[in-house]
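Novice: This structure is in structure tokens; I'll ask about it shortly.
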Amino acid sequence: MRFLSTLILSLSLLAGLYLAGQQIGEGTARFRADNRSLTVKGLAEQEVKADLATWNIAFRRAGNDYPELQAQIKADKEAVQAFLTKQGFAAAEVQAQPMRTVDKLTNEYGGGQGEDRARYILTGKYTVKSKNVDLVASALGHLDELQAGGILLDTEGNANPSYALTNFNQELRPLLLDHATANAKATAEQMAKKLGVKVGKLRSANQGVIQIFGAEQDNEYGGEGSMQKKLRVVSTFEFDLK
């Protein structure tokens with residue numbers, strides 16, 4: 001008799017699960033009749049703004065007169081420093097990088113030196129690290145002032161700022177997981193209601209992978225260049241049923 005009751009309950013739950021699945025969607029939940037548990041996935045997404053910008057401003061000079069090029073790069077460094085100060089950056093946010101020199105005659109892969117080709121290439125660079133991401137974005141739009149002043153900006157590589165979240169682990173991650181947990185609990189309760197049972201205690205949880213995208217993108221590629229970030233996590237939870 002006890003076996004028959006258990007069998008009837010199991011069949012009823014499975015039938016209810018099938019009907020609930022038509023509305024909730026395949027793959028969002030899984031019912032296990034053998035141990036009366038329900039496994040659901042909780043989705044959480046949130047858009048946030050980066051709180052740290054890193055911006056490299058590189059500039060170069062090319063020619064055959066090395067002392068003259070050194071003087072030009074020195075003047076360029078002073079001009080870039082003045083530009084950054086004018087934009088409102090504090091001295092602690094700006095760091096001058098060592099000058100880089102390329103002598104094509106000493107480069108074994110550089111080939112010969114023609115009369116119309118510069119022998120030396122000198123590159124200077126400043127790195128700006130600021131938590132004022134809006135100021136960095138604003139300053140980026142004024143780079144034409146430097147170019148108008150004769151500064152030859154080096155745009156090879158990634159010349160745009162990169163944006164990061166420094167408060168991710170302390171603030172954003174717990175908040176995102178709380179939202180995923182709430183979403184999973186709501187899904188579990190909705191399905192349990194369809195089954196005619198109630199959700200019990202949380203049996204197990206799997207955080208899943210937290211993804212960080214550029215807010216305007218559908219994947220993680222290139223997300224560092226976006227000030228607005230989209231956070232997404234799909235966590236898996238198993239609840240008791242009672």
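Novice: Can you compute the FRET efficiency between R36 and H142 using 1/(1 + (r/R0)^6), with r the Cβ-Cβ distance and R0 = 51 Å? Round to the nearest 0.05.
Specialist: It comes to 0.20.
Novice: Then there is this: Report the local net charge at V133: Lys and Arg +1, Asp and Glu -1, summed over other residues whose C-beta lies under 14 Å from its C-beta.
Specialist: That works out to 0.
Novice: Label A118 and L43 with points 7 Å out from Cα along Cα→Cβ: what is the distance between them in nm?
Specialist: 5.3 nm
Novice: Going 7 Å from the Cα of S162 along its beta-carbon direction, which residues of the stretch 56-92 have the amide nitrogen within less than 17 Å of the resulting point?
Specialist: 56-58
Novice: Let me ask another. Between R173 and K198, what is the FRET efficiency for a Förster distance of 30 Å, r being their Cβ-Cβ separation, to the nearest 0.05?
Specialist: 0.50
Novice: I would also like to ask the following. Using mean Cβ contacts within 10 Å as the protection proxy, how do 163-172, 129-138, 184-193 order, highest first?
Specialist: Top to bottom by mean Cβ count within 10 Å: 184-193, 129-138, 163-172.
Novice: For L135 and K86, compute 0.36 nm times the residue count separating them, minus their Cα-Cα distance, and round to one decimal in nm.
Specialist: 16.5 nm
Novice: Still on this structure: Just the number: Rg to Rh for the stretch 52-163, Cα atoms, Kirkwood Rh, two decimals.
Specialist: Result: Rg/Rh = 1.03.
Novice: Also, quick follow-up: Where a ≥ b ≥ c are the square roots of the eigenvalues of the C-alpha gyration tensor, would you call the stretch 150-242 rounded, which needs a/c under 1.5, or, failing that, prolate if a/b is larger than b/c, or oblate?
Specialist: Since a/c reaches 1.5 and a/b is larger than b/c, the shape of the stretch 150-242 is classed as prolate.
Novice: Would you list V40, V80, V197 from fewest to most Cβ contacts within 10 Å?
Specialist: V197, V80, V40
Novice: Identify all lysines with a Cα-Cα distance to K104 below 27 Å; exclude those on the same chain that are fewer than 8 residues away in sequence.
Specialist: K74, K77, K125
Novice: Can you give the extra length, in nm with one decimal, that the chain gains between R100 and T127 once fully stretched, where that is 0.36 nm per residue apart less the Cα-Cα distance?
Specialist: Extra length available between R100 and T127 comes to 8.3 nm.
Each value in this text was obtained by applying a stated rule to the coordinates, not by laboratory testing. Predicted model, so just to flag it, every value in this text is computed and none were measured. Positions of Cβ are backbone-derived with ideal geometry, glycine not excepted, and every protein chain shown enters the neighbour counts.
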